[in-house]
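Here is the structure we will look at.
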Amino acid sequence: MKTVVPARQTRGDPSFDVERVRADFPILKLKVGGKPLVYLDNAASSQMPQAVLDRIVRYRTTQHSNIHRAVHTLSEIATREYEEARGKVARFLNAREEREVIFTSGTTDAINLVMHGYGRKFIGKDDEIILTTLEHHSNIVPWQMLAEEKGAKIRVVPVNDAGELDIDAYEKLFNEHTRFVGVMHVSNALGTINPIKAMIAFAHARGVPVLVDGAQAAPHLKLDVQDLDCDFYAFSGHKVCGPTGVGALYGKAAVLERMQPFKGGGDMILSVTFEKTVYNTIPFKFEAGTPPIAGAIGLGAAVDYLSALGMDAIAAHELELLNHATEALNRMPGVRIIGTAEKKAAVVSFAIEGVHPHDVGTLLNQDGIAVRTGHHCAQPVMKRFGVPATSRASFAFYNTLAEVDALVTGIRNVQKVFT
Amino acid sequence: MADPKALYQEVILDHNRKPRNWGSLAHASHRAEGHNPLCGDHLKLTLDMPNDRIDAIAFEGESCAICKASASMMTAAVKGKTRDDAETLIQEFRDMATGKLDLVREAHHLGRLAVFAGVRDLPTRVKCAILPWHTLHAAFNAVASTTTEAEDDPMHAPIGDA
């Protein structure tokens, strides 16, 4: 006996009307191979609402020029809109000051900025950097490059069978050589929400700064960088319903002031002679060249859109999707969920007995269902759980309980093909 | 259920369930490992080829159904063939998978291997089907390991006549 759950039923917040939200996203009306699109690959990239698309078009059609340069009207408008977008992102993160927000090309770029700007200046031979097994390659590889260059060491926090960080082990990794901690807020591969506030407090008590990779947290959780007290927080525009090619790095002003520039070029200087160049103040010191202006303005519109919906309402609806998916998949014979942390964002990585994830992905696609299959740029996580890859359904606030049911039916179809 | 015209036909599923020539030869004259780092497909191929004729061939590894079935059907197809004939099949299979070979209009020797023609419409899966063939080619040329990435990537070659 199958229970049909109406799409808009959400116990989390009765005012959150998912069908009305879906109407804001033109792409969700698409059909794929004749089937309605069921887009469950939001951890890879989310979709843009009409408000963001419109904002980008309005900028491009009526406001575009270069910024921070000319005195003409368009340049003034473009500069104002770009800086207003910085303010929107600062409020989204609850940063103390707008100058603590640096626009980057994304999370990877933001982490590389910290590695070059902070790491290359303050981390040296035999110093230790603590990372976690859960990290995305983007928060591993830059630090490996630094470690190789400087002769520094990387220490790795292990995870338990549920996909939760071993906090005791984390605390034991600290010693007099520890200089930096890099940790993701939410695991892209497993969905685990890490206890970063306590981890940051522990590191700070030992004078160690912490960078948080927030790429997977920013779309799902209400953020407050002051409350977290992190030194750096990085996230990407395209995972929070904004465009690709833009992201942001939050850094505490006092830390950013002490850092060296990452890229050299225009806009990041006050004066240039061949004898001496004086760098601009933050955040401009870290924004060399013409930035992705339309992208930043689109990102500003995206965080406004999320804030208007309310991050609490978003989190409540997504929790409902996660619980429904978890219960349904747990009931399916031959299906194993990988990542069973007590605190999770709406990400469900799973394995179907006897079926390789790539076959799962191709067959689900034939039912119009988009999931990610592969190692999710987190090969150490795959190794820890003894799988080459997983299939991953990652939900956004515009997904419905009916779409979770479509996934369940799709998985059943995959199992039928392989029996 | 899956579209019957789609890739997952019974013959492919059968070879996935019961791969032929599974295992490893104790006395191999040629061997190679194939690896697709992006999806984790990994297989080891051993063959015994005295006098340029494949007397025995075996494979094992971890891979998706498309890769495993392709390897299984490949071993069945090339066993007893000369190296030259096998090289012809490798080329034809690659051309079919990348859409360069028109199975209806052009002469070929693929036979039942034509069930893999559907991968041409699934660019992300072409590498899965090709990996065993790539590995066989590497074994012939005494290359210890190969991948479908970088300059060896069949997807870098232009598809079709365009």
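The values are calculated or read from the model by the stated rules, or taken from the named source; none is laboratory data. Worth saying up front: this structure is predicted, and the values here are computed from it rather than measured. Every residue, glycine as well, gets a Cβ built from its backbone with ideal geometry; the counts of neighbours run over all protein chains shown.
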Inset, instruction - Name, by its number, the condition in (1) surrounded by fewer than 23 Cβ atoms within 10 Å (Cβ to Cβ); (2) over 25 Å from the mean Cα position of the chain (by Cα) that does not hold for A:Leu363. - result: (1)
Legend entry - Those residues of segment A:26-53 which are over 30 Å from A:His137 (Cα atoms), of a type outside the set (A, V, I, L, M) and within 23 Å of the chain's Cα centre (by Cα), in sequence order: A:Pro26, A:Gln50
Inset, instruction - Answer yes or no as to whether A:Leu249 is in a helix (DSSP H, G or I) and farther than 18 Å from A:Asn66 by Cβ. - result: no
Inset, instruction - Answer yes or no as to whether B:Thr75 is among the hydroxyl-bearing types (Ser, Thr, Tyr), under 16 Å from the mean Cα position of the chain (by Cα) and part of a helix (DSSP H, G or I). - result: yes
Inset, instruction - Those residues that are part of a helix (DSSP H, G or I) and more than 15 Å from B:Ala114 (Cα to Cα), I need them from segment B:79-88; list them, please. - result: B:Arg83, B:Asp84, B:Asp85, B:Ala86, B:Glu87
Inset, instruction - Give the residue that is nearest to the other protein chains (Cβ to nearest Cβ), with candidates limited to residues of segment B:121-140 that are surrounded by fewer than 20 Cβ atoms within 10 Å (Cβ to Cβ) and farther than 13 Å from B:Ile90 by Cα. - result: B:Leu122
Inset, instruction - Inspect all residues belonging to segment B:17-32 and state whether any of them is surrounded by 21 or more Cβ atoms within 10 Å (Cβ to Cβ) and at the interface with chain A (Cβ under 10 Å from one of its Cβ atoms). - result: no
Legend entry - Matching residues, segment A:368-399, being at pLDDT 95 or above and either over 20 Å from the mean Cα position of the chain (by Cα) or within 11 Å of chain B (Cβ to nearest Cβ) (or both): A:Gly368, A:Ile369
Inset, instruction - Taking the options A:Val417, A:Val355, name whichever one is within 11 Å of chain B (Cβ to nearest Cβ), without any contact (Cβ under 8 Å) to a residue 60 or more places away in the chain and of a type in the set (A, V, I, L, M). - result: A:Val417
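To keep it simple, each residue is scored yes or no on (1) modelled with pLDDT of 95 or more; (2) of a type in the set (Gly, Ala, Ser); (3) over 21 Å from A:Phe418 (Cβ atoms).
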residue: B:Ser24; (1), (2), (3): yes, yes, yes
residue: B:Cys39; (1), (2), (3): no, no, no
residue: B:Lys44; (1), (2), (3): yes, no, yes
residue: B:Ser63; (1), (2), (3): no, yes, no
Inset, instruction - Tally the residues that are farther than 20 Å from B:Glu10 by Cα, touching a strand residue (DSSP E or B) at 6+ places or on another chain (Cβ under 6 Å) and part of a helix (DSSP H, G or I), restricting the search to segment B:40-70. - result: 1
Inset, instruction - State which residue is farthest from A:Cys230 (Cα to Cα) when the search covers only segment A:99-117 and only residues that are of a type in the set (Gly, Ala, Ser) and not in a helix (DSSP H, G or I). - result: A:Ser105
Legend entry - Residue selected from segment B:86-120 under the condition small (Gly, Ala, Ser) and either without any contact (Cβ under 8 Å) to a residue 60 or more places away in the chain or in contact with a Ser or Thr (Cβ under 6 Å, 6 or more places away or on another chain) (or both), by the criterion surrounded by the fewest Cβ atoms within 10 Å (Cβ to Cβ): B:Ala107
Inset, instruction - Please state which one of A:His324, A:His358, A:His376 is outside any helix (DSSP H, G or I) and assigned by TED's automatic domain parsing to the domain that holds A:Ala402. - result: A:His376
Legend entry - Criterion violated by A:Phe350 - all others in (1) surrounded by 19 or more Cβ atoms within 10 Å (Cβ to Cβ); (2) part of a helix (DSSP H, G or I); (3) away from every other protein chain (no Cβ under 12 Å); (4) of a type outside the set (D, E, K, R) satisfied: (2)
Legend entry - Single unsatisfied condition, A:Lys150 versus (1) out of contact with any helix residue (DSSP H, G or I) (no Cβ under 6 Å at 6 or more places or on another chain); (2) surrounded by 23 or more Cβ atoms within 10 Å (Cβ to Cβ); (3) more than 26 Å from A:Pro283 (Cα to Cα): (2)
Inset, instruction - Identify all residues within segment A:89-98 that are aliphatic (A, V, I, L, M) and either surrounded by fewer than 24 Cβ atoms within 10 Å (Cβ to Cβ) or in a strand (DSSP E or B) (or both); write none if there are none. - result: A:Ala90, A:Leu93
Inset, instruction - Give the residues of segment A:366-409 that are of a type in the set (Gly, Ala, Ser), touching a strand residue (DSSP E or B) at 6+ places or on another chain (Cβ under 7 Å) and crowded, with 24+ Cβ neighbours inside 10 Å, sorted by residue number. - result: A:Ala389, A:Ser391, A:Ala393, A:Ser394
Legend entry - Considering residues of segment A:37-78 that are in contact with a Lys or Arg (Cβ under 8 Å, 6 or more places away or on another chain) and not in a loop (DSSP other than H, G, I, E, B) only, the residue farthest from A:Asp24 (Cα to Cα): A:Ser75
Inset, instruction - For segment B:14-57, name all the residues that are hydrophobic (A, V, I, L, M, F, W, C) and touching a helix residue (DSSP H, G or I) at 6+ places or on another chain (Cβ under 7 Å). - result: B:Ala32, B:Cys39, B:Leu43, B:Leu45, B:Leu47, B:Met49, B:Ile54, B:Ile57
Inset, instruction - Could you list, in sequence order, all residues of segment A:294-343 that are of a type in the set (Val, Ile, Thr) and without any contact (Cβ under 8 Å) to a residue 60 or more places away in the chain? - result: A:Thr326, A:Ile337
Legend entry - Selection from segment B:52-72 of residues that are more than 14 Å from chain A (Cβ to nearest Cβ) and either among the small types (Gly, Ala, Ser) or closer than 27 Å to A:His375 by Cβ (or both): B:Ala56, B:Ala58, B:Phe59, B:Glu60, B:Ser72
Inset, instruction - Filter segment A:254-270 down to residues that are in contact (Cβ under 8 Å) with a residue 60 or more places away in the chain and either of a type in the set (Ser, Thr, Tyr) or in contact with a Pro (Cβ under 9 Å, 6 or more places away or on another chain) (or both) and give me whichever is farthest from A:Arg55 (Cα to Cα). - result: A:Val255
